[in-house]
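To start, the structure itself, in structure tokens.
FYI, it's all coordinate maths here, none of it is from the lab. Source: prediction; values computed, not measured. So basically every Cβ, Gly included, is an ideal-geometry build from the backbone, and we count neighbours across all protein chains shown.
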Amino acid sequence: MIKTTVGIDGMMCEMCEAHINDAFRKHFDVKSAKSNRKKKQCVVVSEEPLDEERVRSVIAETGYDLLSISSEPYQKKGFLGLW
């Protein structure tokens, strides 16, 4: 699994966060998408790496500004992740 952190500028409220989350769920096959307007980012977990050009296009379509994209392997944390 891959964790992609996307820096996004322009989110002002919870509805903006939901709008970004919905855009990722609609355009990509993701396990989770969680936006945080205060951190100006969305963390996306997916089976496969996201296409950066497509991410840029989707963010532009939603009316927000893309600041950065970074990916790393994802390891599930928590009690069940220990076994």
Candidate set: the range 24-83, residues that are within 13 Å of Thr4 (Cα to Cα) and among the small types (Gly, Ala, Ser); chosen: the one nearest to the chain's Cα centre (by Cα): Ala33
Qualifying position, being more than 10 Å from the chain's Cα centre (by Cα) and crowded, with 17+ Cβ neighbours inside 10 Å, among Met15, Met1, Met11: Met11
